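K.L.:
Take a look at this one; I'll ask things after.
The values are calculated or read from the model by the stated rules, or taken from the named source; none is laboratory data. Please read these numbers as outputs of a predicted model, since none were measured by experiment. Quick reminder, even Gly has a Cβ in these numbers, built from the backbone with ideal geometry, and neighbours come from all protein chains shown.
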Amino acid sequence: MLNSILKSTQISVLEKALGAASLRHKVISDNIANVNTPRFKKSEVSFEDQLDLAMNTKNTPLARTHERHLPIKSGLNIEPTINTITTTSFRSDGNNVDIDSEMASLAKNSIYYDAVAQQMNKYFASIKSAINEGRR
């Protein structure tokens, strides 16, 4: 019972999203740290597009037994990937890190991380409420 609560698809997706946001923070921090390093090429984390594709894929081994049932999503096997951007250079030394863009990405990622953490918190708060039978 406890395993089914902790290993639900919703928690799995939220857990992977938190991991991707954490990895993205590290990558952006690395980009910022190397803003003045000649020939350094920035990196980006790709996750949301993979998640969207996995969530909207119709290929699932499970079947709906009634048209009004919700579609069943099986385990999501997606991982964030780090891509190095080598096609651009903003400066004559070959570096392609734009500090303003990186700082904006860092702020956006912080908001994303907080939103995912809040969703996870809401999920566990509803479980806690059910366990306490709605009493406070």
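K.L.:
What's the total number of residues in the stretch 113-134 that are farther than 11 Å from Leu14 by Cα and assigned to a helix (DSSP H, G or I)?
P.N.:
Here is the first cut: in the stretch 113-134, the ones farther than 11 Å from Leu14 by Cα are 114, 122, 124-134.
Narrowing further to those that are assigned to a helix (DSSP H, G or I): 114, 122, 124-131.
The qualifying residues number 10.
Conditions tested, residue by residue: (1) farther than 16 Å from Ala33 by Cα; (2) surrounded by 12 or more Cβ atoms within 10 Å (Cβ to Cβ); (3) hydroxyl-bearing (Ser, Thr, Tyr).
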residue	(1), (2), (3)
Ser89	yes, yes, yes
Glu102	no, yes, no
Asn109	yes, yes, no
Asp114	yes, no, no
Asn121	yes, no, no
Ser126	yes, no, yes
Ser129	yes, yes, yes
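K.L.:
Additional query: Within the group Asn31, Asn36, which residue is surrounded by 18 or more Cβ atoms within 10 Å (Cβ to Cβ) and within 30 Å of Ser92 (Cβ to Cβ)? Explain how you work it out, then say what you get.
P.N.:
Numbers: Asn36 fails: surrounded by 18 or more Cβ atoms within 10 Å (Cβ to Cβ).
The unique qualifying residue is Asn31.
K.L.:
Step by step: first the residues of the stretch 55-87, then only those that are modelled with pLDDT of 80 or more, of a type in the set (A, V, I, L, M) and assigned to a loop (DSSP other than H, G, I, E, B), then the one that is surrounded by the fewest Cβ atoms within 10 Å (Cβ to Cβ). Which residue is that? Spell out how you get there, then give the answer.
P.N.:
Taking the stretch 55-87 and keeping what is modelled with pLDDT of 80 or more, we get 78-87.
Still in the running and of a type in the set (A, V, I, L, M): 78, 82, 85.
Restricting the remaining residues to those that are assigned to a loop (DSSP other than H, G, I, E, B) gives 78, 85.
Values: Ile78: 18, Ile85: 13.
Per the criteria, the residue is Ile85.
K.L.:
Between a residue in the stretch 86-107 that is of a type outside the set (Lys, Arg) and any residue that is modelled with pLDDT of 90 or more and surrounded by fewer than 13 Cβ atoms within 10 Å (Cβ to Cβ), which pairs come within a Cβ distance under 6 Å, given they are 6 or more apart or on different chains?
P.N.:
As it stands, the answer is Asp93/Pro38; Gly94/Arg39, since those pairs meet every condition given.
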